[in-house]
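The values are calculated or read from the model by the stated rules, or taken from the named source; none is laboratory data. No experiment lies behind these values; they were computed from the predicted model shown. Heads up, the Cβs are rebuilt from the backbone with ideal geometry, glycines too, and the neighbour counts pull from every protein chain shown.
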Amino acid sequence: MERAAQPPIPIADCPTCAGFGIYHHEDLMAGGPSAAVVALIGDMPYPGGEGIERCARCGSLYRVTYTCGFGEHDIELQRVSPTEVGAPTDVVRSTELLSHRDHDTRDYAALTLVDHYLDQGAADAVIELLRHSDAVVRIRAVVTVLYRGSELGRFLPTFLDLMFDEDGSVRGNAGRIRDYHPKLLRDNKAAILAVLKPRIAQSPVPCPDAAALVQFLEKPPG
Ligand SMILES: [Zn+2]
């Protein structure tokens with residue numbers, strides 16, 4: 001009987017990917033590429049200048065961009081979700097990895113799941129990740145929803161809550177909804193102000209991100 005394939009190892013245990021982070025850049029004028037980059041993409045130069053690579057050990061996916069020109073010789077790796085490149089998502093495995101001890105491993109699991117659930121229109125599952133007990137997961141969920149989410153109205157009450165999050169980075173990223181979806185905010189101005197103003201008034205600590213949103217909405221247009 002054939003044994004079932006082993007699940008891919010977590011990023012934290014991957015000799016290729018453990019040092020990369022969600023974004024990795026190497027200036028090849030300064031030497032390299034590193035052994036880890038060669039292990040992922042093979043020999044340089046990178047064919048075509050751009051492509052998607054999958055780590056055979058941990059299954060992480062990367063958009064690889066190779067730039068070679070006047071005074072420039074760089075390689076960039078950006079971790080991308082399976083959904084972003086049309087690959088299937090292992091929901092069970094990624095959900096397990098959400099509680100891994102390693103920051104990068106949890107971060108990539110969160111990106112993978114949020115993108116998958118957005119693609120499936122599973123708003124409740126996205127909201128669960130926006131409200132996850134781990135700030136690393138909440139931050140990645142907030143950023144991914146801002147970049148890629150459509151019909152943001154479904155997530156607006158959660159974003160307003162997150163402006164009072166105990167984690168400053170969650171609050172700050174939730175506040176960036178002003179930059180990404182100003183029309184949604186203006187269209188819901190009265191409802192948003194009715195939620196935020198009493199909460200700001202009652203908050204025992206300053207809430208600059210919520211206050212900035214109130215200021216943005218109360219500013220006369222133009
Ligand atoms: Zn790997």
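Output yes when any residue across segment 159-176 is in contact with a Leu (Cβ under 6 Å, 6 or more places away or on another chain), among the polar types (S, T, N, Q) and closer than 21 Å to Leu111 by Cα, and no when none is.
No, there is no match, as no residue in segment 159-176 is in contact with a Leu (Cβ under 6 Å, 6 or more places away or on another chain), among the polar types (S, T, N, Q) and closer than 21 Å to Leu111 by Cα.
All but one of (1) over 22 Å from Val143 (Cβ atoms); (2) within 15 Å of the ligand (Cβ to nearest atom); (3) among the hydroxyl-bearing types (Ser, Thr, Tyr) hold for Thr112, so report the exception by its number.
Among (1) over 22 Å from Val143 (Cβ atoms); (2) within 15 Å of the ligand (Cβ to nearest atom); (3) among the hydroxyl-bearing types (Ser, Thr, Tyr), Thr112 violates only (1).
Any idea how many residues of segment 43-55 are out of contact with any Leu (no Cβ under 9 Å at 6 or more places or on another chain) and in contact (Cβ under 8 Å) with a residue 40 or more places away in the chain?
Qualifying residue count for the region: 0.
Kindly indicate whether Gly51 is more than 12 Å from the ligand (Cβ to nearest atom) and part of a loop (DSSP other than H, G, I, E, B).
no
Give me a count of the residues in segment 14-37 that are surrounded by fewer than 16 Cβ atoms within 10 Å (Cβ to Cβ) and outside any loop (DSSP other than H, G, I, E, B).
Of the residues in segment 14-37, 6 are surrounded by fewer than 16 Cβ atoms within 10 Å (Cβ to Cβ) and outside any loop (DSSP other than H, G, I, E, B).
Which one is surrounded by the fewest Cβ atoms within 10 Å (Cβ to Cβ) among residues in segment 76-97 that are closer than 22 Å to Met29 by Cβ and within 16 Å of the ligand (Cβ to nearest atom)?
Looking at residues that are closer than 22 Å to Met29 by Cβ and within 16 Å of the ligand (Cβ to nearest atom), I get Gln78.
Six or more apart or on different chains, Cβ atoms under 7 Å: show the pairs whose first residue is in segment 12-41 and free of Cβ contacts under 8 Å to residues at least 40 places away in the same chain and whose second is more than 13 Å from the ligand (Cβ to nearest atom) and not acidic (Asp, Glu).
Ile41/Val64
Can you tell me which residue is surrounded by the most Cβ atoms within 10 Å (Cβ to Cβ) among those in segment 133-153 that are modelled with pLDDT of 95 or more and of a type in the set (D, E, K, R)?
Across segment 133-153, the extreme among qualifying residues is Arg140.
Considering (1) under 27 Å from Pro10 (Cβ atoms); (2) touching a residue at least 12 places away in the same chain (Cβ under 8 Å); (3) surrounded by 14 or more Cβ atoms within 10 Å (Cβ to Cβ), say which one Glu128 fails and leave the rest.
(2)
Specify the residue that is nearest to the chain's Cα centre (by Cα); the eligible residues are those in segment 69-126 that are part of a strand (DSSP E or B) and not charged (D, E, K, R). Can you show your working first?
Residues of segment 69-126 part of a strand (DSSP E or B): 69, 72-80.
Right, trim to not charged (D, E, K, R) and you get 69, 73, 75, 77-78, 80.
On the way: Gly69: 30, His73: 27, Ile75: 21, Leu77: 15, Gln78: 11, Val80: 9 Å.
Within segment 69-126, the match that is nearest to the chain's Cα centre (by Cα) is Val80.
Any chance you could count how many residues in segment 54-74 are surrounded by 18 or more Cβ atoms within 10 Å (Cβ to Cβ) and under 21 Å from Asp107 (Cβ atoms)?
Qualifying residue count for the region: 7.
Here's the yes/no breakdown for (1) out of contact with any strand residue (DSSP E or B) (no Cβ under 8 Å at 6 or more places or on another chain); (2) within 9 Å of the ligand (Cβ to nearest atom):
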| residue | (1), (2) |
| --- | --- |
| Cys14 | yes, yes |
| Ile22 | no, no |
| Met29 | no, no |
| Ile41 | no, no |
| Met44 | no, no |
| Ser60 | no, yes |
| Thr65 | no, no |
| His73 | no, no |
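Pairs please, first residue from segment 197-222 and over 16 Å from Leu162 (Cα atoms), second anywhere and β-branched (Val, Ile, Thr) and surrounded by 14 or more Cβ atoms within 10 Å (Cβ to Cβ), Cβ atoms under 7 Å, 6+ apart in sequence or on different chains.
Leu217/Ile192
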